[in-house]
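Any read-out appearing in this document is the output of simple, stated calculations on the displayed coordinates, not a laboratory observation. Just so it is clear, the model here is predicted, and its values are computed rather than measured. Heads up, the Cβs are rebuilt from the backbone with ideal geometry, glycines too, and the neighbour counts pull from every protein chain shown.
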Amino acid sequence: MRYSCILLVIVLASTVFAADQQTGHGVLALSLKRAVQLAISPEGNEQIQISGEALKQAQARSDQARAALLPDVSSSLGYRNQTLNLRANGLRFNIPTVPGFSFEFPSLVGPFEVLDARLSGSQSIFDISSIRRLQSAHAGISAARSERENMEEKVAALVARAYLAAIRADADVETAQANVTLSQAVLSQAENQKGAGTGTGIEITRARVQLANDQQRLLVAENARRSAHLQLLRVMNQPLDLDLDLTDKLGYIPVDAITLERARDRALAERPDLKAQQEREASSRLSASATKLERIPSLSLFGDYGTIGSGFDNSLPTRTIGLTLRIPIFDGGRRDARRVEAASQYRAERLRTRELREQIELDVRLALDALNSAEQQIRVARDGLQLADNELAQARRRYDAGVAYGLEVTDAQTRLERARDNQTEALYNYNLARINLEEAMGRVRSSVQ
């Protein structure tokens, strides 16, 4: 009987485990570092996957540009059975008439067979324009690679903000639960005071109203936490039916002081979006140069070798070899139009590079200002929380002693709840400013590793 019970327990446990596996439900213990790693992995955020495809496309374009400088070899095997109308091709023959002899030159020839097996090839010897296009394509690969790094940086910043919003939502729930606990204690205190004959019914009613408000805010905070967790799962491209256990908590971690000049120089040296833009500018410059150099003559070698005849048994080898010097003269203005377009694209890329430099300096300035302001907010919020906590403790002691009304306790309780919210808001703003500063300097990934 005992062994049967053990077997039944094992079967039930296996069934429950299989059901959990089928529903995909589970708990994911997640730190900020792990969240970023999951998001920027090859199977992570869709934007990372798209940037990876863009890199492959740039490499394919480079291979296409290189093909113009490599040998082009092809083979062919042709067979035909045909007849020719010589008169239709302008061949007419006048045969003098000879007495006693009749001959008429045929106008239709054939049918006859032709078999042609041939190997052909060509090789560019000098084409500076194609060389410039290949260099432009190489710069395009570097730009796509830097753009992928930039996308990883953006996704890391996006995940960091989503993670920060999630741990703030956790902190809001904890604060709301603490407020509910405090309201229950104040309600019990008011009921005890009324039972002792030193309190009134309005004080109990006021405490119950405060408890109902705090319970309402707790429900709102719990819903906001679920929404924040879902948003975090979405940006990581993870199943939305996972439950998250966030191991990092909302807190204050001091950062090393950094000057504006140093932060700006670091941003200009490390921002992957600036590197990508500079490489796009270089690619555009080389492309414009390639279009301009189309006016220069190009030289190529061509040749073929094969056999031709009416069949394999009577075919004869033939060959062709030669050089082609191509000298552009006039193409209806298409070349000039492409040159003007390419030059305009290069100027546009230069303007984008300059604009991005200015935007980077603005990002750094705003992030530093926000970080300094957030540090001051934390100090003020910490002092305010301590004062509000002391005020509530004093008000409850006075209420117990019968020298104060319950309204004083309720007011002190409201100010304590506001002080708790202010501290959570200050910590959130501080950590958000840290993320913004790291993003402005292009160091989000390295900062969370």
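Observations
- Candidates per chymotrypsin sites (Phe, Trp or Tyr not before Pro) in the range 301-333, loop by DSSP, up to 10 other Cβ within 10 Å: PHE330
- Using the average count of surrounding beta-carbon atoms within 10 Å as a protection proxy, the listed peptides 30-42, 65-77 rank, highest first, as 30-42, 65-77.
- Exposure proxy order (Cβ contacts within 10 Å, fewest to most) of THR324, THR414: THR324, THR414
- Pairwise Lys count, the chain - Cα closer than 22 Å, eight or more residues apart or different chains: 5
- Other residues lying with their Cβ under 14 Å from the Cβ of GLY110 contribute a combined charge of +1, Lys and Arg counting +1, Asp and Glu -1.
- GNM top mover of ILE308, ILE378, ILE167 - the chain, alpha-carbon springs below 10 Å: ILE308
- Neighbour-count order for VAL27, VAL364, fewest beta carbons within 10 angstrom listed first: VAL27, VAL364
- Sequence ranges 434-442, 193-201, ranked by mean other-Cβ count within 10 angstrom, highest first: 434-442, 193-201
- For the range 245-369, diffusion coefficient by Stokes-Einstein and Kirkwood Rh (Cα), 4 °C, 1.567 mPa s, µm²/s: 62
- Considering only alpha-carbon pairs that sit under 8 angstrom and 6 or more positions apart, the relative contact order computed for the range 269-428 is 21 percent.
- Our coupling estimate for the range 211-225, obtained by passing each phi through the Karplus curve with A = 6.51, B = -1.76, C = 1.60 and θ = phi - 60°, is 5, 5, 4, 5, 5, 5, 5, 5, 4, 5, 5, 5, 5, 5, 5 Hz, Gly and Pro reported as x.
- Answer label, with volume of the Cα convex hull per residue in Å³ calculated from the coordinates and candidates (i) 338; (ii) 142; (iii) 172: (i)
- Across the chain, C-alpha contacts under 8 Å between residues 6 or more apart give a mean separation that, scaled by the residue count, equals a relative contact order of 23 percent.
- Separation between Cα centres of the range 318-334 and the range 230-272, rounded to whole Å: 58
- For peptides 345-353, 84-92, sequence by mean Cβ density within 10 Å, most packed first: 345-353, 84-92
- Computed from the alpha carbon positions, the gyration tensor of the range 104-186 leads to an equivalent ellipsoid with semi-axes of 80, 23, 8 Å, biggest first.
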